[in-house]
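Below: one structure, written as structure tokens.
The values are calculated or read from the model by the stated rules, or taken from the named source; none is laboratory data. Keep in mind that this is a model prediction, so the values were computed, not measured. A quick note on method: Cβ atoms are made from the backbone with ideal geometry, for glycine too, and the neighbour counts reach across all protein chains shown. Accessible surface is based on the protein model in full, side chains and every heavy atom, while ligands, DNA and RNA are left aside. Shrake-Rupley method; radii C 1.70, N 1.55, O 1.52, S 1.80 Å.
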Amino acid sequence: MTYARIFGTGSYLPERVVTNRDLEARIDTTDEWIVSRTGIEARHVAADGEMTSDLALQAARRAMESASVTADDIDLIIVATTTPDMIFPSTACLLQAKLGVKQGAAFDVQAVCTGFMYALSTANLFITSGQHRCALVVGAEVFSRLLDWNDRRTCVLFGDGAGAVVLRRSEEPGILSSNLHADGSLSHILRVDGGISHGQIRGNPFLEMDGQAVYRTAVRVLDESAEEALKQSGYTAAQLDWFVPHQANIRIINSIADKIGLPRERVVTTVARHGNTSAASVPLALDAAVRDHRIKPGHLVMLQGVGGGMTWGTLVLRW
Ligand code: UT7
């Protein structure tokens with residue numbers, strides 16, 4: 001049987017770190033509130049002029065190096081992002097040019113914080129169908145630019161970053177199962193409804209969120225999606241070596257782990273240091289756990305995302 005397998009991972013975080021203490025000095029919040037409600041202690045924020053494609057480029061180079069592939073090998077680039085450099089061309093096309101990749105397809109996927117799951121699942125189908133041979137799948141965001149930095153309900157939650165993987169065909173097991181979901185009737189609970197029209201911004205260019213509604217939706221849908229992915233893969237939660245969830249809130253992460261019966265020691269968390277980096281969150285956490293050798297060859301790993309749309313999805317894979 002032919003699988004798509006991850007051959008390398010990479011990630012990149014902008015240099016500037018904004019701590020909860022830094023935010024305390026600027027808005028009416030406290031480190032204690034942010035840590036107790038979310039688990040977030042700090043987040044990275046891109047420099048002025050540092051674009052999503054710049055973050056993606058650094059993460060992509062590291063993933064390609066760890067997979068031992070060059071620009072001549074890549075024939076598919078999918079970038080999951082909510083913060084493209086421009087309306088068009090896609091960030092994937094800009095990344096293709098920066099990497100010097102001359103062949104294949106390049107496009108963006110927009111599923112907000114679930115974007116990496118949508119992109120990886122799509123790449124899996126392209127690779128296993130034989131249409132493409134070597135995919136670069138990236139989640140990259142400069143979410144800090146969608147935030148109203150005077151709105152304490154949202155600006156403390158998010159950060160910037162990028163993560164990437166290289167996916168190739170393999171006879172050895174790789175991605176075993178995946179499911180993707182959306183419920184567009186919930187679009188109003190998490191959105192940036194601003195857009196460009198006739199040379200002007202229409203609507204609100206800043207992120208708006210009904211935090212409690214998003215929280216309730218996440219804990220309602222994620223355990224079902226996890227069970228679905230596990231069942232389809234033929235494994236149980238007890239057999240998982242690692243769970244790499246979306247890094248939005250430690251309370252959501254712990255709740256899902258408890259619901260599916262997974263010990264917290266087998267959950268990869270980076271939310272304390274990264275905050276919520278949207279589509280970059282899962283590949284950033286994955287790369288951290290691969291590079292510090294927690295995730296080892298042969299391990300059974302579950303990846304999961306949830307975000308605006310609402311969208312959500314889960315993948316189970318053999319490392
Ligand atoms: O990728 C998916 C994206 N988003 C998520 O997953 C977020 C899901 N939601 C959440 O994580 C939580 O709902 C939040 C962390 C956003 C909020 O936590 P909460 O426990 O639901 O708090 P809340 O919204 O009910 O607010 C409680 C209080 C309010 O004050 P009052 O009205 O009770 O006086 C807020 O005004 O906390 C206040 N508050 C803050 N206080 C200090 C809200 N933000 C802050 C803040 N610092 N930054």
Residue in the stretch 101-111 that is nearest to the ligand (Cβ to nearest atom), counting only those that are out of contact with any Asp or Glu (no Cβ under 6 Å at 6 or more places or on another chain) and open to solvent by 30 Å² or more (accessible area, probe 1.4 Å):
110
Looking only at strands (runs of 3 or more DSSP E) that fall completely inside the stretch 240-319, which ones have 1 or more residues that are open to solvent by 20 Å² or more (accessible area, probe 1.4 Å) and either of a type outside the set (D, E, K, R) or over 24 Å from residue 84 (Cα atoms) (or both)?
242-244, 311-318
Restricting the stretch 144-180 to residues that are open to solvent by 50 Å² or more (accessible area, probe 1.4 Å) and part of a strand (DSSP E or B), the residue that is nearest to the ligand (Cβ to nearest atom):
180
For the structure I just gave you, tell me whether residue 114 is closer than 24 Å to residue 194 by Cα and hydroxyl-bearing (Ser, Thr, Tyr).
yes
Does at least one position in the stretch 123-142 carry a residue that is among the hydrophobic types (A, V, I, L, M, F, W, C), within 16 Å of the ligand (Cβ to nearest atom), more than 15 Å from the chain's Cα centre (by Cα) and on the phi < 0 side of the Ramachandran plot?
no
With the condition kept exactly as written, say whether any residue in the stretch 125-143 is under 30 Å from residue 18 (Cα atoms), assigned to a helix (DSSP H, G or I) and at pLDDT 95 or above.
yes
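How many residues, within the stretch 188-216, are polar (S, T, N, Q) and either within 19 Å of the chain's Cα centre (by Cα) or open to solvent by 60 Å² or more (accessible area, probe 1.4 Å) (or both)? Quick ask: steps written out before the conclusion?
At the first step, the residues of the stretch 188-216 found to be polar (S, T, N, Q) are 197, 200, 204, 212.
In the following step, the residues that additionally are either within 19 Å of the chain's Cα centre (by Cα) or open to solvent by 60 Å² or more (accessible area, probe 1.4 Å) (or both) were identified as 200, 212.
Total satisfying the criteria: 2.
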